Structures are given as structure tokens and as C-alpha cells.
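J.: Please see the structure below; I have some questions.
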Amino acid sequence: MTSRTERLATYGVLSVFAVVAVFPLLAVAAQALGLPHLSFGAFGAAWRQGHFARYLTNSLIVVTVVVVVASALSILAGYALGTMEFRGATALFYVFLLGLMVPTEAIVIPLYFDLRSAGLDNTLPGLMLPQIAQSVSFGVFWMRAYFRSAPRSLIEAARIDGASSWTTLRRVLVPVGRPAILTMVLLIAMWTWNEFLLALVIVNSDEGRRTAPLGLSIFQGQHQTEYQLLMAGALIVAAPVVIVYVFLQRHFIAGMLSGAVKE
């Protein structure tokens, strides 16, 4: 058991890091609200002048499609690689890992020319496809680890009862692995929502296809000295991710710890 001194030291260190993490957010909120004189006018002005309704809608469409497609493919591939034995499984898994190892900066230029030759530049599908590929690389790695740590007794019991592989996945492993799946969904959604480089390169010349982070960057360039407007715009763009995380934080923490204990 830890002593009282150790607990106090632990809480002290955690408190310091919490202050370091929260202080910039509080400073942004205070600037946006015009404290000490409370005012919400900057949010309305930023919303209208920055066209954030359109940008947030674009980001929501991109995030929804990327999360749904990438999650479905990741669960299926992770289930196959985590529970089945077949020739080339290890090599195929390493191929997926390449998507995590290669930085976006190294491929974004040739990727843009490939998309342009296919007529997908300045389109939301052209922005979605690379992010789906990147998300699947992470998703397969994540879900394979979960399926490999799942209790073998559950899978064996389902097979003894005559369940097919699809039934075992859908009715046994997916319900049990809800925290891990929700954690994957949350991480993919956050990364997709915050993606800036791909949006900057692929939809650079179409204002109607800009996503929220790209729109915020353009807004920043137009209002460099209007700090209250800038902070309000930053909070508008960050709000959806923060709200989703607040509602799913318990599942997120449970998912992060789901592979810590094995049978």
C-alpha cells in the first residue's frame, strides 16, 4: 500500500499537469467571452463572418463517413487477424502497419496528383478516402489487439453452440468489446475532425468544401488582430469534439484499459 506522503506527491504532480493542460483553455474562453465584461457577441460575429455553419457541416459529413466505413472495415479485418489463422496473416498485418509508419507529409503531394487525375480533388470523397485508409491502419491494429485479448472461452463456447464466425463476431465479441470499439471510434473521429494538411491540399480552391479546421485557418488570416473573434472561432471548432469526449469519456477510459487484463 502507498503511504500518505506518496499519495500527496502523486496528487500534487497530477494537479500541476492539470493546471498546465487546463489553463490555456481557460485563457481562450476568457478571451472569447471578453472577460471581465461578459459578452457572447463574438460568437455570433465569428459564426456569421467565418461561415462556420458550412464548414462544420462539411466536417460532420466527412467525420461520419470516415468513422462508419473505417470502423466497419477495422472490426472485420481485426477479427480475422486476431482470431483466425491463415497463410499470410502476419505479412498482411504488417502491410496495415505501414499506414501508421508513413507520415502524411511524405505522401500528400503524390496523393493530390493521384486524386486530381481521378477527378476527386476539391471534393469531399477525395478528402474522405485518404483518411479512411489512414484510420483503417490504426483501426486494424487496435481491433486486432482487442480480439487477441478477448477470452478464448467466449469464442470456443460460441463455436460449440454452432455459431458461425459472423454470428460470433456480431453477437458475442462486438457487445463485449463495446468500450474498445467506442474508443477507436472516438479517436478516429477526433483525428478526422482535426485533420488540416489533407484538407489544405485537397480542397484548397473550393470554399464550399472547406472543413472546420481549414475554415478556422482562413478566418485567422482575415482577422489576425481581432483576438476575441479568433478565440470565439477556435471554441466553435473545438466544441463538437470536446462535447463528444465528455459524453464518452468513461467508455474511452474503459477501452484504453480493456487490454490490460487477459484471461
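The values are calculated or read from the model by the stated rules, or taken from the named source; none is laboratory data. This is a predicted model, so every value here is computed, not measured. Cβ coordinates were reconstructed from backbone atoms using ideal geometry, including for glycine residues, and neighbour counts include every protein chain displayed. Surface areas here come from the heavy atoms of the whole protein model, side chains and all, with no ligands, DNA or RNA. Shrake-Rupley method; radii C 1.70, N 1.55, O 1.52, S 1.80 Å.
J.: Restricting attention to segment 82-106, report how many residues are open to solvent by 70 Å² or more (accessible area, probe 1.4 Å) and part of a helix (DSSP H, G or I).
T.: 8
J.: Can we say M256 is open to solvent by 80 Å² or more (accessible area, probe 1.4 Å) and either farther than 27 Å from L129 by Cβ or at pLDDT 90 or above (or both)?
T.: It is true that M256 is open to solvent by 80 Å² or more (accessible area, probe 1.4 Å) and either farther than 27 Å from L129 by Cβ or at pLDDT 90 or above (or both).
J.: If you scan segment 1-22, which residues turn out to be at pLDDT below 85 and either closer than 27 Å to M231 by Cβ or part of a helix (DSSP H, G or I) (or both)?
T.: Kept after step one, since they are at pLDDT below 85, are these residues of segment 1-22: 1-7, 18, 21-22.
Hits for segment 1-22 are R4, T5, E6, R7, A18, A21, V22.
J.: From (1) loosely packed, with under 14 Cβ neighbours inside 10 Å; (2) at pLDDT 90 or above; (3) over 28 Å from V237 (Cβ atoms), pick out the condition that doesn't hold for L197.
T.: (3)
J.: Can you name the number of the only condition in (1) among the aromatic types (F, W, Y); (2) over 18 Å from V185 (Cβ atoms); (3) surrounded by 15 or more Cβ atoms within 10 Å (Cβ to Cβ) that Y79 fails?
T.: Failed condition: (2).
J.: May I ask you to verify whether I155 is touching a helix residue (DSSP H, G or I) at 6+ places or on another chain (Cβ under 8 Å), β-branched (V, I, T), under 29 Å from Y94 (Cβ atoms) and buried (at least 18 other Cβ atoms within 10 Å of the Cβ)?
T.: yes
J.: Determine the pairs where a residue that is within 12 Å of M231 (Cα to Cα) and in contact (Cβ under 8 Å) with a residue 40 or more places away in the chain, located within segment 29-49, has a partner that is open to solvent by 90 Å² or more (accessible area, probe 1.4 Å) and in a helix (DSSP H, G or I) with Cβ atoms under 7 Å apart, the partner being 6 or more residues away or on another chain.
T.: Sorted first by the residue in segment 29-49, then by its partner, the pairs are Q31/Y227.
J.: Return yes or no: is A45 in a helix (DSSP H, G or I), hydrophobic (A, V, I, L, M, F, W, C), modelled with pLDDT of 85 or more and open to solvent by less than 70 Å² (accessible area, probe 1.4 Å)? Lay out the reasoning, then the answer.
T.: Values: in a helix (DSSP H, G or I): yes; hydrophobic (A, V, I, L, M, F, W, C): yes; modelled with pLDDT of 85 or more: yes; open to solvent by less than 70 Å² (accessible area, probe 1.4 Å): yes.
Taking the combined requirement at face value, the residue satisfies it.
J.: Could you grab me the full set of residues in segment 168-183 that are open to solvent by 40 Å² or more (accessible area, probe 1.4 Å) and either of a type in the set (A, V, I, L, M) or touching a residue at least 60 places away in the same chain (Cβ under 8 Å) (or both)? If you could, list the steps in order and put the result at the bottom.
T.: Just the residues of segment 168-183 that are open to solvent by 40 Å² or more (accessible area, probe 1.4 Å), to begin with: 170-171, 174-176, 178, 182.
Scanning segment 168-183 gives V174, V176, R178, L182.
J.: Same structure again: Output the number of the condition that A163 fails; it satisfies all remaining conditions of (1) surrounded by 16 or more Cβ atoms within 10 Å (Cβ to Cβ); (2) in contact (Cβ under 8 Å) with a residue 40 or more places away in the chain.
T.: So the condition that A163 fails would be (2).
J.: Please determine whether any residue of segment 114-122 is within 25 Å of M190 (Cβ to Cβ), in a helix (DSSP H, G or I) and open to solvent by 20 Å² or more (accessible area, probe 1.4 Å).
T.: No, the conditions are met nowhere in segment 114-122.
J.: Considering segment 80-111 alone, what residues qualify as being β-branched (V, I, T) and under 27 Å from S153 (Cα atoms)?
T.: Of everything in segment 80-111, those that are β-branched (V, I, T) and under 27 Å from S153 (Cα atoms) turn out to be T83, T90.
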